[in-house]
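Working notes, beginning with the structure itself.
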Amino acid sequence: MIERFTRELEAVGGHVHHGRAALDDLAAGAGVSVTPCLVLIADTGTAVVSARLSGGRRAGLVEPVHVIEASADRLVPDIAAALEVVGPELLRSSSVTFVTGPSRTGDIEQLLIRGVHGPGEVYVVFVERP
């Protein structure tokens, strides 16, 4: 499933890395927000992030680079399986965000622009759980 998740996320401009060293390198940059993921959806390359787990709503939405810390056991095949995890979290968190690649917007001239309404770069880093 990691291969399918990677393929789908990369198709929309996101990036996947592996290992604690990769996470540390990405987190060291300026303008970077690091959040844990609640669940990952293989079919769409989507990471679901909870404000409760991230220390608030701002994390992952304002900085130009969003790094999502993940582990393989958070990966589910589809949206139906993800909603089983997301449902209970909605009772505990002020918001849950579905992140499928960098922020993208198109204007009336059909020009696609990244990073206008959120991060222009999104990285999911798979690390071993402690």
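Some observations on this one:
- Filtering VAL125, VAL85, VAL62 for residues that are touching a helix residue (DSSP H, G or I) at 6+ places or on another chain (Cβ under 7 Å) and on the phi < 0 side of the Ramachandran plot leaves a single hit, VAL125.
- Residues in segment 88-130 that are without any contact (Cβ under 8 Å) to a residue 40 or more places away in the chain and among the hydroxyl-bearing types (Ser, Thr, Tyr) were compared, and the one that is surrounded by the most Cβ atoms within 10 Å (Cβ to Cβ) is SER103.
- The residues in segment 47-65 that are closer than 10 Å to THR97 by Cβ and either of a type outside the set (A, V, I, L, M, F, W, C) or buried (at least 20 other Cβ atoms within 10 Å of the Cβ) (or both) can be counted, and the count is 9.
- Only a single item in (1) within 19 Å of GLY120 (Cα to Cα); (2) in contact with an Asp or Glu (Cβ under 9 Å, 6 or more places away or on another chain); (3) modelled with pLDDT of 95 or more is not met by ASP43, and it is number (1).
- Sub-9 Å Cβ pairs linking a first residue in segment 44-64 that is closer than 22 Å to ILE79 by Cα to a second residue that is of a type in the set (Lys, Arg) and assigned to a loop (DSSP other than H, G, I, E, B), at least 6 apart or interchain, are SER50/ARG92; ALA51/ARG57; ALA51/ARG58; ARG52/ARG92, ordered by first then second residue.
- The selection criterion, being touching a helix residue (DSSP H, G or I) at 6+ places or on another chain (Cβ under 8 Å), surrounded by fewer than 20 Cβ atoms within 10 Å (Cβ to Cβ) and of a type in the set (S, T, N, Q), holds for THR44.
- All conditions in (1) at pLDDT 95 or above; (2) loosely packed, with under 15 Cβ neighbours inside 10 Å; (3) over 17 Å from VAL122 (Cα atoms) hold for VAL76, with the sole exception of (2).
- Single unsatisfied condition, GLY19 versus (1) surrounded by fewer than 13 Cβ atoms within 10 Å (Cβ to Cβ); (2) over 23 Å from PRO130 (Cβ atoms): (2)
The values are calculated or read from the model by the stated rules, or taken from the named source; none is laboratory data. Model, not experiment: these values are computed from the prediction. Cβ coordinates were reconstructed from backbone atoms using ideal geometry, including for glycine residues, and neighbour counts include every protein chain displayed.
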